[in-house]
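*Asks:* What follows is a single structure, and I will ask about it in a moment.
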Amino acid sequence: MDQTASRNTGSDAVSEGHAPSARGEETRQRLLAAALRVFGRDGYDGVSTRRIAHAADANVAAIAYHFGGKRGLYLAVARSVAERNAAFVRPMEARVAHTLAEAGGDRAALGRILARVVLGLMTGLGSAREDGRALFILRELMMPSEAFDLLHEAFFLPLNRALAAIAGAALDLPAEHPTAVMRGHLLIGSVMPLIAAREVVERRLDRTILTGEAWHDTATAAVASACASLGLPAPDVSSLAEG
């Protein structure tokens, strides 16, 4: 997508005023799902509307009808990804703020707060990898387009605020301090390589790392890494309640 394009992300679909039939909505959802996969794999410029329509088993004209064209479809995919991720991250940000206030600086409590966030990220990023969102997000991180604003506001920003708040509490710094922001951002590194590049470890260990009993070992390693980076005690993963 042209990096100099307008950032008016509200103009991605000409059909928003329409009241699509159930069949039309089904077609629209198939197009979104297919576009997510192919845009994530090959990028905006590497994909034609005809190819997306074929992958969705839809008429190519349906893209113009539902989204106004390829650009509108790309932005609609970004909005869908942003909304799904926001449904996970925004409640997490609120929980972090609440539990940090309750912790009162207790380092064991801070370790538990961080551990729960790490476990949530493992689950959320694992799901995003499986359904295709992860590739789309990674492309936008490496080569931001006008769609990046949607992802940033809905997902990246609240995630960074939550992690920076934890880092700030652990380092006795304001959450908006540059060190807290950067150290919080680096916490994602405790999880991302185990999700996005899990094949490296799985080949080394000759087993899966995210299923069955192996998930506990992987979670323990991720939690230990995150907590160690902030000098916090790592809790026993088994002792943590869901969420």
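*Asks:* Compute the distance from the alpha-carbon center of region 174-243 to that of region 26-71, in whole Å.
*Replies:* Rounded to whole Å, the Cα centres lie 35 Å apart.
*Asks:* Give me Rg/Rg_expected for region 83-188, where Rg uses Cα atoms only and Rg_expected = 2.2 N^0.38 Å with N residues. Before the final figure, lay out each step's value.
*Replies:* Values: Rg = 14.0 Å, N = 106, 2.2 N^0.38 = 12.9 Å.
Output field value: 1.08.
*Asks:* Return the carbon/sulfur percentage of the accessible area of region 139-221, one whole number, probe 1.4 Å, all protein chains in place.
*Replies:* Roughly 63 percent of what the probe reaches on region 139-221 is carbon or sulfur.
*Asks:* Same structure, new question: Using a 1.4 Å probe on the protein chains only, how many percent of the accessible area of region 57-132 belongs to carbon and sulfur?
*Replies:* Its accessible area is 55 percent carbon and sulfur atoms.
*Asks:* Pick out, from HIS54, LEU194, ALA115, the residue whose Cα sits farthest towards the positive end of the charge dipole of the chain, with +1 on the Cβ of Lys and Arg and -1 on the Cβ of Asp and Glu.
*Replies:* The one lying farthest along the dipole's positive direction is HIS54.
*Asks:* Something else now. So the label point goes 7 Å from the Cα of GLU26 along Cα→C-beta, right? Which residues of region 51-89 then have their backbone N under 14 Å from it?
*Replies:* 57-59
*Asks:* What size of dipole, in debye to the nearest 20, comes out for region 123-194 about its Cα centre when the only charges are +1 on Lys and Arg C-beta atoms and -1 on Asp and Glu C-beta atoms?
*Replies:* Here region 123-194 has a charge dipole of around 220 debye.
*Asks:* If you take the square roots of the eigenvalues of the alpha-carbon gyration tensor of the chain and sort them as a ≥ b ≥ c, do you get rounded (a/c under 1.5), prolate (a/b over b/c) or oblate?
*Replies:* prolate
*Asks:* Distance in nm between label sites at GLU83 and ARG95, each 7 Å beyond Cα in the beta-carbon direction?
*Replies:* About 2.3 nm, to one decimal.
*Asks:* For the chain, report the accessible area per residue in Å² (1.4 Å probe, heavy atoms, rounded to an integer). Working shown, then result.
*Replies:* Values: 12360 Å² over 243 residues.
Here the residues of the chain average 51 Å² of exposed surface.
*Asks:* Still on this structure, please answer the following. At 0.36 nm per residue, and after removing the present C-alpha to C-alpha distance, how many nm does the segment from ALA228 to ALA64 gain when stretched out fully?
*Replies:* Fully extending the segment from ALA228 to ALA64 adds 53.9 nm.
*Asks:* Using +1 at the C-beta of Lys and Arg and -1 at the C-beta of Asp and Glu, which of VAL223, GLY168, GLY69 has the Cα lying farthest in the positive direction of the dipole of the chain?
*Replies:* GLY69
*Asks:* Helix-derived [θ] at 222 nm for the chain: sum -39500 (n - 2.57) over DSSP H runs of at least 4, divide by residue count, nearest 500?
*Replies:* Working: 12 runs with 162 residues, N = 243.
Rounded to the nearest 500, it is -21500 deg cm²/dmol.
*Asks:* Is the shape of region 177-243 rounded, prolate or oblate, going by the alpha carbon gyration tensor and its root eigenvalues a ≥ b ≥ c, with a/c under 1.5 for rounded and a/b larger than b/c for prolate?
*Replies:* Verdict is oblate for region 177-243.
*Asks:* While we're on this one: From the Cα gyration tensor of region 116-243, with a ≥ b ≥ c the square roots of its eigenvalues, which class applies: rounded if a/c is under 1.5, or else prolate if a/b is larger than b/c, or else oblate?
*Replies:* Because a/c hits 1.5 or more and a/b fails to exceed b/c, region 116-243 counts as oblate.
The values are calculated or read from the model by the stated rules, or taken from the named source; none is laboratory data. Please read these numbers as outputs of a predicted model, since none were measured by experiment. Virtual Cβ from ideal backbone geometry, glycine too; neighbours counted across all protein chains shown. Ligands, DNA and RNA are stripped out before the accessible areas are found, and what is left, the full protein with its side chains, is counted by its heavy atoms. Shrake-Rupley method; radii C 1.70, N 1.55, O 1.52, S 1.80 Å.
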